[in-house]
Amino acid sequence: MSHFSRIRTQMVEKEFLLKALEDAGYAYEEGENLQVKGFGGNKAPVAIRVKSKKLLSYDIGFQKQGDTYECVADWWGIRGIDHKEFMQTVQQRYAYHATRAKLEAQGFDLVEETQEEGGRIHLRLRRMA
């Protein structure tokens with residue numbers, strides 16, 4: 001019996017997903033023949049594997065499904081990472097990078113960036129006419 005969970009996301013750009021993982025402090029590897037391990041020796045194919053920092057813990061992966069990436073993991077065996085917190089952090093950092101890239105492509109420059117205690121990020125941008 002597999003314990004793998006697949007979490008659908010709205011993340012479509014690999015570049016921003018990798019930047020989000022880096023921002024969150026996670027080491028990762030990319031490749032075509034990567035797998036994450038789960039309970040009972042089960043394995044699932046992934047395009048990006050996030051290495052666990054804990055001994056005897058399973059890894060987390062991301063696999064492209066259609067236009068988006070989904071998170072693949074056996075959360076029962078992942079030590080020291082809360083799946084909700086992990087996904088929230090990665091998705092927030094992904095949105096940050098995607099937003100900045102789109103606004104910079106439209107000619108906006110970042111003037112100020114602040115982060116509230118709860119984690120909310122405020123960007124102040126300017127575009128010269």
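The values are calculated or read from the model by the stated rules, or taken from the named source; none is laboratory data. All values reported here derive from a predicted model rather than from experimental measurement. Virtual Cβ from ideal backbone geometry, glycine too; neighbours counted across all protein chains shown. Just the protein is used for accessible areas: all its heavy atoms, side chains included, with ligands, DNA and RNA removed. Shrake-Rupley method; radii C 1.70, N 1.55, O 1.52, S 1.80 Å.
Observations on the model:
- Of Lys19/Lys102; Lys19/Lys43; Lys37/Lys102; Lys51/Lys84, pairs whose Cα-Cα distance is over 24 Å: Lys19/Lys43; Lys37/Lys102
- In the chain the Cα-Cα distances spread across 5 Å bins starting at 0 as 2, 10, 19, 21, 17, 11, 9, 6, 3, 2, 1, 0, 0 percent of all pairs.
- Average accessible surface for the chain: 66 Å² per residue, computed with a 1.4 Å probe over protein heavy atoms with every protein chain in place.
- Along the chain, longest interval not containing exposed trypsin sites (Lys or Arg not before Pro), exposed being DSSP loop plus at most 14 other Cβ atoms within 10 Å: 1-50
- Segment 9-30 and segment 51-129 have their alpha-carbon centroids 7 Å apart.
- With K and R counted +1 and D and E -1, the other residues having a Cβ less than 13 Å from that of Asp67 yield a net charge of +1.
- Taking the accessible area of the chain, probe 1.4 Å, and keeping the other protein chains in place, the carbon and sulfur fraction comes to 46%.
- Charge-dipole axis of the chain as Lys and Arg at +1 and Asp and Glu at -1 on Cβ define it, positive-most pick from Tyr69, Thr89, Phe108: Tyr69
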